[in-house]
Amino acid sequence: MSDPASYRGGTEQRHGWRVLAILSTLMGFASISTDLFLPAIPTIATALHAGAGAIELTISSYLIGFSLGQLLWGPISDRYGRRWPVAAGLALFLIGSLGCALSGSAVALIGWRIVQAVGASASVVLARAMVRDLYAGNRAAQTMSTLMAIMAIAPLLGPIVGGEILAFAGWRAIFATLVVVGLLTLAALFTLNETLPPGRRIREPLTRTLAAYGQLLRDRRLLAYAGVGGFFYGGTFGYIAASPFAYITLHHVAPQLYGLLFGAGIVGIMATSTLNGRLVMRIGSDRLLLLGAGAAALATMALAVAAWTGWGGLAGLAAPMFVFVASTGFIGANAAAGALSGFPERAGAASALFGAIQYGGGIIGSALVGVFADDTAWPMGFVVAIGGLGAFLCA
């Protein structure tokens, strides 16, 4: 019963496109919640009479809630199953999104973003656990690559759609749109069967289940995979937090064009995720992980030079960032599958710990670009470079 292949009764085992689409939507909630409002960050700063650093903290505050929330939802799902914790998280996400739409100050927006994030974290961490319920090893990495390729549609369209919503209805309508997305996802969730049957659930008290994090933290292999994710997400969210000001304010890019620049990297993710899914069964996930981390490290060194010297202007920033973002397709799925591979009986807790470290890196990266914001692209280049080099060393 510890082998996910032994649970073959449900329609999920044939993983039709409907099931994959729902799981990829759940995994994409972190991107949906952030990317949609990125083009509005300068506008929100003006509307709420806040500085650039304060609004960038809406990114890091989101990551704090997202990171800590995963540590809660993972053990709960190992004990009680996957579906109802996801439903509870979506309900919390709806409350947080509505609060963001009604916020009258930067402080209120930051607080509601934390609530929003705790709810969204259930969707992401448990979608990964659902994949681990059903698959193992390279097959799990291949399935996660498929999900990442599908879910990349959301961050591809997010900044573009967000820019259009901003132009026609204002920034508050962006969060109202997230309320609608949450309601639709909640309705779709109830068309899925439970992937963790009662016979495979952890029966010990929840306090002991939470204490299992101590055992997981002693596993050096898990920590290495999580370190790749943590450093890489530190660089990624440093870019997400700082790029609106680097592109829109510093280089005078229109919000709609910013969405296209941001979306180019997502197209890269879709391409590398598809390639990873095709190669992983032949080459192996660890080799592809090292390849992706190496490409990310080289790209971030070029970015740091361009940000420091101003060489290349907008293209000097956008070109290496494209390579860095595109390497997600080789890093994300393989790191997650590797981290969960040794703990089939605690897939929820292992997924939560991996995600908490991953998004914990994002907290640090997004906070650093806010703290060191100096009206230049250098803080972004420096933080992203540290993330790329750290991910390569962990790989």
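Among Gly65, Gly99, Gly361, which one moves the most in a GNM of the chain with springs linking Cα atoms closer than 10 Å?
Result for the chain, Cα springs under 10 Å: Gly99 fluctuates most.
Roughly how much of Thr177 is accessible, in Å² to the nearest 10, using a 1.4 Å probe?
50 Å²
May I have the convex hull volume per residue, in Å³, for the Cα set of the range 206-287? Provide the component values of the computation, followed by the final result.
Working: hull volume 13.4 nm³, N = 82.
So the per-residue Cα hull volume is 164 Å³.
Express the accessible area of the range 50-92 per residue in Å², computed with a 1.4 Å probe while the remaining protein chains stay in the model.
Dividing the accessible area of the range 50-92 by its residue count gives 27 Å².
Looking only at Ala254, Ala347, Ala297, which one moves most when the chain is put into a Gaussian network model with springs between Cα atoms under 10 Å?
Ala254
Sort Leu68, Leu166, Leu290 by accessible area with a 1.4 Å probe, largest first.
Values: Leu68 110, Leu166 30, Leu290 85 Å².
If we order Leu68, Leu166, Leu290 from most to least accessible, we get Leu68, Leu290, Leu166.
Could you put Glu194, Glu164 in order of accessible surface area, largest first, with the 1.4 Å probe and the full protein assembly present? Don't skip to the answer; put the middle values down first.
Numbers: Glu194 45, Glu164 80 Å².
Greatest to least solvent exposure: Glu164, Glu194.
Kindly give Rg over Rh for the range 269-330, based on alpha-carbon atoms, with the Kirkwood expression for the hydrodynamic radius. Spell out each step's value before the answer.
Working: Rg = 13.4 Å, Rh = 12.2 Å.
Here Rg/Rh amounts to 1.10.
Compute, for Asp375, the solvent-accessible surface of its heavy atoms (probe 1.4 Å) with the complete set of protein chains present, and express it in square angstrom to the nearest 10.
About 150 Å², rounded to the nearest 10.
Restricting to Cα atoms and excluding each atom paired with itself, what does the Kirkwood estimate give for the chain in Å?
Working: mean 1/r = 0.0486 Å⁻¹.
Result for the chain stands at 20.6 Å.
Need one word for the range 301-383: rounded, prolate or oblate. Basis is the Cα gyration tensor (sqrt eigenvalues a ≥ b ≥ c); a/c below 1.5 gives rounded, then a/b vs b/c decides.
Note, shape of the range 301-383 comes out oblate.
Solvent-accessible area per residue for the range 217-298 at a 1.4 Å probe radius, Å²?
Details: 3560 Å² over 82 residues.
For the range 217-298, the solvent-accessible area averages 43 Å² per residue.
With every protein chain left in place and a probe of 1.4 Å, what is the accessible surface of Met27, to the nearest 10 Å²?
Spelled out: Met27, probe radius 1.4 Å, area about 20 Å².
Largest first, how would Glu204, Glu56 line up by accessible area (1.4 Å probe)? Mind dumping the intermediate values first?
Values: Glu204 40, Glu56 10 Å².
The ranking, largest first, comes out as Glu204, Glu56.
In whole Å, what are the extents of the range 191-344 along the principal axes defined by its C-alpha atoms, from largest to smallest?
58, 37, 35
Pick out which of Ile76, Ile64, Ile283 has the largest mean-square fluctuation in a Gaussian network model of the chain, springs linking Cα atoms closer than 10 Å.
For the chain, modelled as a Gaussian network with Cα springs under 10 Å, the answer is Ile283.
Could you tell me what a quarter of the Cα convex hull surface of the range 81-132 works out to, in nm² with one decimal place?
With every direction weighted equally, the projected area is 3.3 nm².
Probe radius 1.4 Å, ligands and nucleic acids ignored: give me the carbon and sulfur share of the accessible area of the chain as a rounded percent.
That share works out to 71 percent.
The values are calculated or read from the model by the stated rules, or taken from the named source; none is laboratory data. Keep in mind that what you see is a predicted model, and the values were worked out from it rather than measured. Just so you know, the surface numbers come from the protein's heavy atoms only, side chains and all, with ligands and any DNA or RNA stripped out. Shrake-Rupley method; radii C 1.70, N 1.55, O 1.52, S 1.80 Å.
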